[in-house]
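Have a look at the structure below before the remarks.
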Amino acid sequence: MADMINIYDKAKKEKLHDNIKIYSAKSSIVFLISGSIFAFLFCVWIYYFTLEAPYGIPYGMLFFLAVLGALTGALLESITKNEDNIIIPFGSAMTMWLFYNFRYSYDVDTLYLIKVLIFAFILGYLSYRARIADISAMLSATLIGVIIIISSDISSFFVLLTFFLLGSLFTRYKYSYKLAHGTAEKKGGVRGYKNVFSNSLAALAIAVAIGIFPTHRLLLLSAFLGSIATACGDTLASEIGETYSKEPRMITTFQKVKPGTDGGISPLGEFAAFFGANAIAFMAFILIPDIRNNAYILLIVIAGGFIGTNIDSVLGATFQQKGYLTNNGVNLLATISGAIVSGVLYHLMGS
């Protein structure tokens with residue numbers, strides 16, 4: 001059905017400008033709706049007519065799996081160029097199978113799930129229309145938003161949303177200056193799925209763990225916030241630090257380097273990293289009751305975010321400089337590091 005929409009729109013012979021974006025978003029909506037409905041119907045048919053399980057699976061669980069499968073399929077359709085007839089169903093099936101194995105944690109109210117899906121998609125679509133994200137990033141953010149809200153809660157998602165908003169805002173900060181010096185983000189700062197996942201995959205995995213292991217909520221929540229604080233601190237350090245009037249220094253040797261060099265740090269960038277980590281900690285304090293009741297976690301989050309940001313710089317100066325890691329790979333490892341630092345600090349201070 002999504003392909004039919006794309007074919008119809010191409011047949012209009014519109015000029016290839018903003019209309020292509022509208023059509024792509026429209027086909028994604030069709031994919032999500034039709035995919036969710038048909039996947040749910042097939043889940044019900046397969047389970048209740050072909051399987052003999054020792055326990056029942058709630059309809060809410062089946063619909064949740066269907067939504068995840070449809071979101072994954074829409075995302076894969078937006079990023080695959082060849083062999084999508086194999087990749088899309090296989091990727092969707094693997095996602096559904098993975099979360100099926102968490103079945104005890106995902107008996108979701110269907111109406112609530114629909115509201116969450118609409119809410120997450122609208123936010124993703126608005127970022128797309130604002131030229132903050134492309135189609136793949138829009139769908140990635142929707143998928144991540146749905147999983148985090150269902151696994152943890154909506155407050156945790158709003159903290160992650162704070163990072164995306166601050167990152168997008170400061171990407172545009174003095175953009176002309178950064179463009180003139182060759183340090184600006186490509187495509188006008190529009191983010192793709194790789195950027196979304198490299199900065200939020202660690203937080204996503206921890207959010208799922210929060211749903212599975214609720215007795216370790218504070219430990220996992222500290223790690224979750226530490227990973228986001230790292231992503232926010234790193235993004236702000238890069239986007240603001242690149243406007244520093246003097247030459248930055250390599251974090252490993254302290255030799256002067258050109259602005260935008262991987263592993264380069266500056267006083268302005270370090271301050272921006274500290275500000276970014278504090279912003280995430282502040283939003284967590286405002287939005288999450290568990291943090292307000294355990295205020296020392298704020299220090300843990302700030303420390304994890306700031307240390308994680310500098311680990312990012314070290315990885316950039318070493319592995320990225322040598323070509324072993326891409327920028328996205330560095331971001332992923334840095335956010336994992338920030339989560340580990342915050343988790344260890346919580347264990348030391350909270351136990």
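The values are calculated or read from the model by the stated rules, or taken from the named source; none is laboratory data. In this text, all values refer to a predicted model and were calculated from it rather than measured experimentally. Counting neighbours? That spans all protein chains shown, and the Cβs are built from the backbone with ideal geometry, glycine included.
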Task: In region 191-206, the residues that are crowded, with 24+ Cβ neighbours inside 10 Å and over 21 Å from residue 170 (Cα atoms) - done: 202, 203, 206
Open item on the list: Suppose the filter is under 25 Å from residue 287 (Cα atoms), buried (at least 22 other Cβ atoms within 10 Å of the Cβ) and among the polar types (S, T, N, Q); does residue 151 pass it?
Closed with: yes
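Every residue, every condition in (1) surrounded by fewer than 16 Cβ atoms within 10 Å (Cβ to Cβ); (2) farther than 16 Å from residue 167 by Cβ; (3) outside the structural domain of residue 323 (by TED's automatic domain parsing); (4) not β-branched (Val, Ile, Thr), yes or no:
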| position | (1), (2), (3), (4) |
| --- | --- |
| 208 | no, yes, no, no |
| 232 | no, no, no, yes |
| 235 | no, no, no, no |
| 239 | no, no, no, yes |
| 249 | no, yes, no, yes |
| 272 | no, no, no, yes |
| 289 | yes, yes, no, yes |
| 301 | no, yes, no, no |
| 305 | no, no, no, yes |
Open item on the list: For region 96-120: of the residues being surrounded by 20 or more Cβ atoms within 10 Å (Cβ to Cβ) and of a type in the set (Val, Ile, Thr), which is modelled with the highest pLDDT?
Closed with: 116
TODO: Determine if region 185-200 includes at least one residue that is under 21 Å from residue 117 (Cα atoms) and among the aliphatic types (A, V, I, L, M).
DONE: yes
Task: Candidates 228, 240, 206, 210, filtered to the one that is of a type outside the set (S, T, N, Q) and over 28 Å from residue 347 (Cα atoms) - done: 240
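One line per residue, one yes/no per condition, for (1) in a loop (DSSP other than H, G, I, E, B); (2) in contact with a Ser or Thr (Cβ under 7 Å, 6 or more places away or on another chain):
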site: 221; (1), (2): no, no
site: 234; (1), (2): no, yes
site: 237; (1), (2): no, yes
site: 243; (1), (2): yes, no
site: 258; (1), (2): yes, no
site: 261; (1), (2): yes, no
site: 271; (1), (2): no, no
site: 278; (1), (2): no, no
site: 283; (1), (2): no, yes
- [ ] Restrict the check to region 171-190 and report whether at least one residue is hydrophobic (A, V, I, L, M, F, W, C), surrounded by fewer than 18 Cβ atoms within 10 Å (Cβ to Cβ) and part of a helix (DSSP H, G or I).
- [x] yes
Open item on the list: With polar (S, T, N, Q), within 24 Å of the chain's Cα centre (by Cα) and modelled with pLDDT under 75 as the only criterion, which of 78, 24, 92 stands out?
Closed with: 24
